[in-house]
Amino acid sequence: MKAARAMKAKKAKKATKVKETVRAARPSKPAKPGKKPGKNLEKVRKAATTMRAAKPARAKASKGVTRAGVKPRRQEPLEVRRARALAILEGLRRLYPDARCELAHGSALELLVATILSAQCTDVRVNMTTPALFARFRTAADYAAARLEEVGEIVRSTGFYRNKAKSIVSLGKALIERHAGEVPAAMEALVTLPGVGRKTANVLLAEWFGKPGIAVDTHVIRLTGPVWRLTNETDPVKIEFALYELIPEKDRAFFGIATIFHGRRICTARRPDCAGCALNAVCPTAFAWGGVRPAV
Ligand code: SF4
């Protein structure tokens, strides 16, 4: 332990020395074209070669090991993950047969606006805000003609209200200009609208248009990754496509919404209730996050 610490300190000292040499030797003026490199430039080149030579060793040492010193988990074969995903899906169907998006809405436009407002905000808070907004602005044309300050004032409590108000007003304008005031029912068109990313588009497609799609939010990222070990991906778009390999098309919309339900109600980030979780027989990390496995 002591020796390793001493070695680390020695390496750090050497790296600092090389950096200092580079800094000291850096020429104050660039060399004139055609002129032979001076003594200083030679020093810089030598130091740079030393630094380059030191890099592969560092990369090799960290290969396959995360910052915390833990080896990344090996992904299980597709068939194993698919079987588990289907078992989880079955459990979710039993637990939440009527799972629906919890954002209050009465039209595609309202759902789109509510989903934009739900970024970094709870659905409960959004649902407290939208009645006043939807009563004041009913169509895309209303939003397009709205004053930013007025929209911002109404949605202030949802956080990031200036950006959200800007997105909503721009969304109204884009819908008028490009879609005759209607909300399009295709992913390609939706993601070109202001304030609309794949997650928002998937919420709309799944909930309003009944199309297959998984909205990857923070709960879906946590549950399908570290908890259920269905994918090793960490990027939301890659997670979405990895899940499409496991979940049948007809079940995707439900799976996304039910996973969010489960993440909010039972498998919360702080205190997953494994003992009370109906999925604990199929969950690969049941009781690994705390809680006590009941005696059998
Ligand atoms: S068993 Fe525990 S960790 Fe697994 S899904 Fe249920 S609550 Fe989450």
### Query
Do you know which of the residues in the range 280-290 that are near the ligand (Cβ under 7 Å from one of its atoms) and more than 20 Å from Val80 (Cβ to Cβ) is modelled with the highest pLDDT?
Phe287
### Message
I need the full set of residues from the range 162-172 which are touching a helix residue (DSSP H, G or I) at 6+ places or on another chain (Cβ under 8 Å) and surrounded by fewer than 18 Cβ atoms within 10 Å (Cβ to Cβ), in order please.
### Response
Arg162, Lys166
### Query
Only one residue in Ala201, Ala186, Ala253 is farther than 20 Å from Glu90 by Cβ and surrounded by 14 or more Cβ atoms within 10 Å (Cβ to Cβ), so which one is that?
Ala201
### Task
Would you mind finding the one in Thr259, Thr231 that is out of contact with any Pro (no Cβ under 8 Å at 6 or more places or on another chain), in the same structural domain as Arg93 (by TED's automatic domain parsing) and within 20 Å of Pro77 (Cβ to Cβ)?
Thr231
### Query
Which condition does Glu240 not pass, out of (1) away from the ligand (no atom under 16 Å from the Cβ); (2) in contact (Cβ under 8 Å) with a residue 40 or more places away in the chain; (3) surrounded by fewer than 22 Cβ atoms within 10 Å (Cβ to Cβ), if it passes all the others?
(3)
### Check on Val220, touching a Gly at 6+ places or on another chain (Cβ under 9 Å), within 16 Å of the ligand (Cβ to nearest atom) and not basic (Lys, Arg)
yes
### Complete set of residues in the range 98-156 that are under 21 Å from Trp208 (Cα atoms) and touching a Lys or Arg at 6+ places or on another chain (Cβ under 7 Å)
Ile116, Leu117
## Note on the structure
By residue number, the members of the range 248-279 that are outside any helix (DSSP H, G or I) and away from the ligand (no atom under 16 Å from the Cβ) are Pro248
### Message
Pull out all pairs, ordered by first then second residue, where Cβ-Cβ is under 6 Å, the residues are six or more apart or on different chains, the first lies in the range 101-129 and is under 15 Å from Glu182 (Cβ atoms), and the second is outside any helix (DSSP H, G or I).
### Response
Ala108/Val183; Ala108/Trp208; Leu109/Val183; Leu111/His105; Leu111/Trp208; Leu112/Val183
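The values are calculated or read from the model by the stated rules, or taken from the named source; none is laboratory data. On a predicted model such as this, the values are computed, not experimentally measured, just so you know. Cβ coordinates were reconstructed from backbone atoms using ideal geometry, including for glycine residues, and neighbour counts include every protein chain displayed.
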